[in-house]
Every structure is written in structure tokens, then in C-alpha cells.
1. Look through B:246, B:240, B:290, B:294 and report the one residue that is of a type in the set (Gly, Ala, Ser), closer than 27 Å to residue B:165 by Cα and at pLDDT 95 or above.
2. If we keep just the residues of the range A:15-45 that are over 20 Å from residue A:191 (Cα atoms) and touching a helix residue (DSSP H, G or I) at 6+ places or on another chain (Cβ under 6 Å), which is nearest to the ligand (Cβ to nearest atom)?
3. Scan (1) of a type in the set (Phe, Trp, Tyr); (2) over 30 Å from residue B:258 (Cβ atoms); (3) open to solvent by less than 10 Å² (accessible area, probe 1.4 Å) for the single condition residue A:84 breaks and write down its number.
4. Scan B:41, B:106 and give me the residue that is over 20 Å from residue B:274 (Cα atoms), out of contact with any Gly (no Cβ under 8 Å at 6 or more places or on another chain), open to solvent by 70 Å² or more (accessible area, probe 1.4 Å) and β-branched (Val, Ile, Thr).
5. Select from the range A:176-186 the residues that are facing another protein chain (nearest Cβ under 8 Å) and of a type in the set (Gly, Ala, Ser) and list them in ascending order.
6. Against the condition assigned to a loop (DSSP other than H, G, I, E, B) and either within 29 Å of residue B:198 (Cβ to Cβ) or free of Cβ contacts under 8 Å to residues at least 12 places away in the same chain (or both), how does residue B:34 come out, does it pass?
7. Do you know which residues across the range B:301-322 are under 12 Å from residue B:193 (Cα atoms) and either assigned to a strand (DSSP E or B) or among the aliphatic types (A, V, I, L, M) (or both)?
8. Has the range A:94-102 got at least one residue that is away from every other protein chain (no Cβ under 14 Å) and part of a strand (DSSP E or B)?
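The values are calculated or read from the model by the stated rules, or taken from the named source; none is laboratory data. These numbers were taken from a predicted model, which means no experiment stands behind them. Quick reminder, even Gly has a Cβ in these numbers, built from the backbone with ideal geometry, and neighbours come from all protein chains shown. Each accessible area value is taken on the protein alone, full model and side chains, heavy atoms only, with ligands, DNA and RNA left out. Shrake-Rupley method; radii C 1.70, N 1.55, O 1.52, S 1.80 Å.
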Amino acid sequence: MGWFAKTRRNIIPSNVWEKCKRCEEAIYRKDLEKNFWVCQKCDYHFALPNLDRINLLADEGTFEEFDAALASDDPLQFQGVVPYRERLKKSQAKTLVKEAITTGYAKICGLPVVLAVFNFDFMGGSMGSVVGEKIVRACENAIQRRHPFVLVSTSGGARMDEGILSLMQMIKTGMAVARLSMERIPFISFLADPTTGGVTASVAMLGDVILAEPGALIGFAGPRVIEQTIKQTLPKGFQRAEFLKEKGVIDMVVHRSQAKNTVGKILRFFA
Amino acid sequence: MTPTVHVLPFEQHLVELENKITELRALSESSFLDLSAEIETLTQKLNASRCETYQCLTPWQVTQIARHPQRPRTLSYLERLFHDFVELHGGRQFPDDNAIVCGLATFHGEPVVVVGHQKGKDTEDNIYRNFGMPHPEGYRKALRVMKLANKFGRPIITFVDTPGAYPGLEAEERGQAEAIARNCLEMSFFQVPVVVVIVGEGGSGGAVALGVGDAVIMLEYAIYSVISPEGCASILWKDASRAEDAATALKLTSQDLLKFGVIDEVVTEPVGGAHRDFETTAQNIEKAIAKYLALLKPMSVEELQQRRQAKYRQMGIYTDQK
Ligand SMILES: [Zn+2]
């Protein structure tokens with residue numbers, strides 16, 4: 001791991017301890033990194049940074065990024081608590097990328113794909129104009145090269161700061177998947193924690209095969225909003241990957257250690 | 001203006017003027033005093049004040065009109081603009097969803113499929129209609145009926161009026177995200193003209209599920225947004241009561257949407273809103289639908305699909321900092 005990451009990842013000393021959010025075990029960061037950020041004691045899947053995700057799935061040295069220079073404007077001149085422009089600058093400074101998704105060419109288990117990975121660290125992986133555009137371009141690339149499209153989602157949904165234009169990205173990306181489908185380009189959608197809102201209700205739920213990480217929160221409405229609406233406590237495990245598999249909403253739950261192999265197996269079916 | 005119209009907070013001063021005029025009229029009739037000059041002055045003042053109020057509505061005031069309890073609904077337009085309506089209830093998988101109505105009808109004598117969100121006209125009706133908030137089976141029913149139109153080459157007209165998808169337990173279990181996404185995908189490749197009319201609230205994903213069209217037209221005081229002003233305010237300021245500020249920030253009015261290229265046309269409403277003069281509103285919508293159907297119907301399937309794809313392909317504003 002780490003060949004793609006080094007140039008732009010924040011350097012954090014690896015001898016620090018991280019505490020597991022589920023079993024509270026203290027784990028060496030170095031060990032966590034080796035284990036793809038999965039707790040060795042309880043199997044809890046930590047949030048996996050965007051670049052680690054690429055490194056987890058892509059064969060070493062194969063990833064070539066597309067459209068890294070696309071950046072958001074502020075079409076609404078959105079005035080929240082912090083103006084959108086400033087929020088963007090802060091996120092860009094923090095993550096060293098321009099937007100909330102990274103797209104590119106890669107090989108997975110030797111098979112060429114177009115790979116897109118949301119970046120939750122960038123404004124909660126929210127989808128505005130750039131994320132929508134990059135997904136569409138990735139799909140177009142996939143069609144042109146006749147490569148399968150693999151998307152890994154971690155997103156809070158549509159980006160509020162771009163208002164209606166964010167909402168339109170649901171249609172725009174849905175339409176891109178429709179084109180994939182017409183061109184018979186396979187689309188594997190991999191959902192990580194969390195995938196909610198307008199991203200779930202568009203591109204993420206349209207995969208030919210939909211996989212999810214253990215324990216990932218997946219839904220349209222957030223659990224808090226649902227609780228407020230129905231005035232009940234939600235059952236344990238509600239909207240989690242295992243629950244959704246049980247309900248037939250997704251196809252399978254895949255442990256991170258098996259992620260690459262599983263995607264590879266599915267790709268071989270389509271290849 | 002009938003006295004039974006529900007008055008919005010920012011319309012209060014108009015009602016006071018109206019009441020004063022009514023009083024004067026009554027007085028002049030009962031006392032044989034000639035108050036016509038006073039009545040005339042007040043009437044002029046009322047008209048001027050009305051124009052002023054409705055000409056510079058704030059986005060929050062527009063939101064209130066869009067949600068007005070007496071605002072005409074999908075079924076009002078269905079009855080007025082369409083004939084021979086045959087409602088189809090079967091989504092085939094789950095019980096019927098009354099938050100969405102759909103069926104076969106004729107428009108200007110030609111067969112079409114009509115689909116729309118339906119809010120209730122009073123509390124009881126609203127409970128029946130789930131306040132116009134669909135469950136996944138509603139979108140799936142709509143899709144099934146729209147596919148009929150696609151199969152038999154009939155245009156589709158959708159009416160959008162929903163606070164949003166229903167944030168409920170069953171709705172999630174039955175995959176509402178997938179249902180919304182599926183509608184977007186399927187609607188993008190229909191081979192028939194689709195005209196979308198946003199008549200009230202265009203609430204987020206629930207609206208998008210019926211919102212993919214060759215022509216998207218919007219009533220002047222309708223709103224269309226990624227999130228409700230209340231939802232936006234609670235995220236931004238942890239305070240839903242700042243919805244007014246959020247409504248401004250979200251740029252959710254018909255004029256904003258026209259500017260962003262999200263809609264094709266604003267359909268004007270009578271002074272005060274659609275509920276003040278349903279007939280005029282209905283006629284304006286009728287003209288707009290007829291205009292776009294006339295434009296779209298002669299197009300070949302390829303042209304229609306290419307045009308629709310090109311339209312959505314370019315939505316979004318960004319820069320390339322290469
Ligand atoms: Zn643990």
C-alpha cells in the first residue's frame with residue numbers, strides 16, 4: 001500500500017495508537033494500516049481514506065487519475081455559517097485534492113477498469129457539480145475503452161451548498177449509468193460507510209452488482225430524520241449493510257480483506 | 001377574493017385593507033352616505049399594495065405560497081386539463097401508494113399518460129395521501145404506468161408537488177433510494193416526449209423521481225430544491241426556525257431555476273398565487289403543455305433522446321483548473 005498516496009497524503013506518524021470504535025481496543029496505527037484498517041479483535045471496519053481504498057483495490061502502479069483539476073464554483077454564492085467558497089478552500093487544503101471523488105483508470109486483479117472512489121474527508125463525500133461531472137466522465141471513459149466501471153461510495157448525499165444543481169447530478173449520473181447499461185458496460189457499485197441521500201438514490205443503487213462493506217450505513221433518509229418522523233427508536237442494525245442484504249436491497253456484504261478478490265471474481269464473469 | 005381563503009402571514013395587511021373596504025361598502029349601503037371616493041382611494045391603495053407585495057416576494061414567502069393549503073393539486077389539473085382519466089393503481093408489488101396518482105387520459109383529444117404527486121386538501125385527505133410523500137411503491141407504480149406510455153408511444157406528463165420522499169422505516173426497507181434512482185435511469189431513455197410540470201413543492205429526491213423530462217416547466221410560485229428550507233436550516237444553524245434564511249440561500253424559486261438552466265419555462269400565476277384564480281393558472285399550464293408537446297411530438301426517437309441527454313449532460317457549474 002501507499003505507492004499512490006505518498007505525494008499528497010498528510011503524513012501521520014505510524015507509531016500512534018488508534019482506538020477501535022466498537023471494541024475500544026487500542027491498536028497500533030501501523031498494524032491497522034497493514035490490516036486495511038480493520039480491527040483485528042472485533043472486525044470493525046474503520047473509515048478507509050480515499051487513497052487507501054484505491055490502493056486496496058487497484059493493482060500496484062496501475063492507477064492513472066482523470067480530471068484531477070476539476071474544481072467547484074460557487075454558483076449559488078451560498079452563504080451558510082461559513083461561505084461555501086471558504087469551505088471548499090479548507091477541504092482542499094485538508095485533503096490535498098480538489099473534490100470529493102477520485103476517478104481514473106486502473107487494473108483490478110489484472111483486469112482493466114475505470115475506478116471511481118468517493119472521498120468522505122472532502123465535505124462528507126457530498127455530490128455537487130464536480131462529483132457529478134467526474135462520474136459522468138468516468139462512465140464515458142468506461143464506454144470508450146470498453147472497461148467495466150467500479151464505483152466505491154462514501155457520501156452524505158447531495159451537496160447542499162450547490163442547491164438544485166446538486167439535485168440535478170442525481171439525474172445526470174443516473175443517465176450516465178443508463179448509457180453504461182445500453183452499451184453493456186458492467187457496473188459494480190461498492191458501498192462503504194456511510195452512503196446516504198442523493199448518492200444512494202442515484203448512481204450508487206444502480207450497479208449491476210451492489211456490494212457493501214460490513215456495518216456500512218446505507219440509506220436515503222438519515223436515521224435521525226427517520227426517528228424524528230416516525231417517533232420510534234429504530235431497530236438495531238437498521239440501514240446497515242447486513243440488514244439491507246437481508247431485505248434484498250443489496251447483493252452481498254464483503255469483508256474488506258476480500259474486497260479486491262470479490263470484485264476481481266465479478267469482473268471475470270463480465271470479461 | 002373570497003373570505004374563506006387561507007391568509008398567509010405576509011398577506012395580513014392586505015386583508016385588513018379588504019376588510020375596511022367591505023365595512024365602508026356596508027356602511028354606505030345602510031346609511032345612504034356617499035363613501036364612493038373613500039372606497040375608491042382604498043381600493044387603489046389595496047391594488048397598489050397587492051402588486052407591491054406580490055412583485056417582490058422573498059423566497060420564503062414564495063415557499064409559503066407553494067405550500068398553501070388551498071393550492072391547486074395534481075388532481076385539480078387532471079380534472080381541468082385532461083379528459084377520460086382512467087386511474088391505474090397497481091404497482092404490482094406492494095399496496096397502492098396514494099401519494100402518487102397516475103393513469104391514462106387525453107389531452108386536447110390525444111392519449112397521454114399522466115403521473116403526479118398528490119397532496120391532500122384537508123387533514124383527513126392529507127393522512128390518506130401521506131402529505132404527498134411517496135413510498136418506494138409509489139415511484140414504482142409511476143414507473144410501471146410511464147412504461148406503458150413508452151411502450152405504446154404516448155407522451156407523458158408529470159406533475160411534481162411533494163415535500164419529499166417519506167423518511168420512514170418501511171420506505172427504507174423497501175429500497176426507496178433504488179426506486180428513485182431507477183426512475184431517473186428509466187426516464188432518461190424513454191422514447192416518448194416527457195413534459196414535467198412543477199406545480200407546488202419540488203422536494204428533493206421525491207421530486208426527481210418524476211422530474212426527468214424533455215421540457216420542465218414550473219409555476220411562478222412553485223419551489224424546487226435539494227432540501228427543504230427547514231432541513232437546510234437545521235443542518236446549517238441547528239435551528240429549523242431559520243428556514244427563511246435557508247430559503248434565500250438555497251435559490252429555490254422558479255426565476256433562480258430558470259437562470260441555472262434547470263427548467264425551461266416559468267408559467268405565470270395570477271397575482272397572489274394559483275389558489276386565487278385556478279382557472280387562469282390552469283389555462284397558463286395548458287398552453288405551456290400544448291406548446292411543448294407540439295414541439296416534441298414531431299421529433300424522432302433519436303432526436304428526442306439525444307436532446308434529453310444533452311440537456312442533462314451539461315447541468316452543473318464548475319471550473320477546470322488545469
Ligand atoms: Zn475492535
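1. Working: B:240 fails: at pLDDT 95 or above; B:290 fails: closer than 27 Å to residue B:165 by Cα; B:294 fails: closer than 27 Å to residue B:165 by Cα.
After applying the criteria, what remains is B:246.
2. The selected residue is A:18.
3. (2)
4. Values: B:106 fails: open to solvent by 70 Å² or more (accessible area, probe 1.4 Å).
Answer to the check: B:41.
5. Within the range A:176-186, A:178, A:181 qualify.
6. Values: assigned to a loop (DSSP other than H, G, I, E, B): yes; either within 29 Å of residue B:198 (Cβ to Cβ) or free of Cβ contacts under 8 Å to residues at least 12 places away in the same chain (or both): yes.
Yes.
7. B:301, B:304
8. Yes, because at least one residue in the range A:94-102 is away from every other protein chain (no Cβ under 14 Å) and part of a strand (DSSP E or B).
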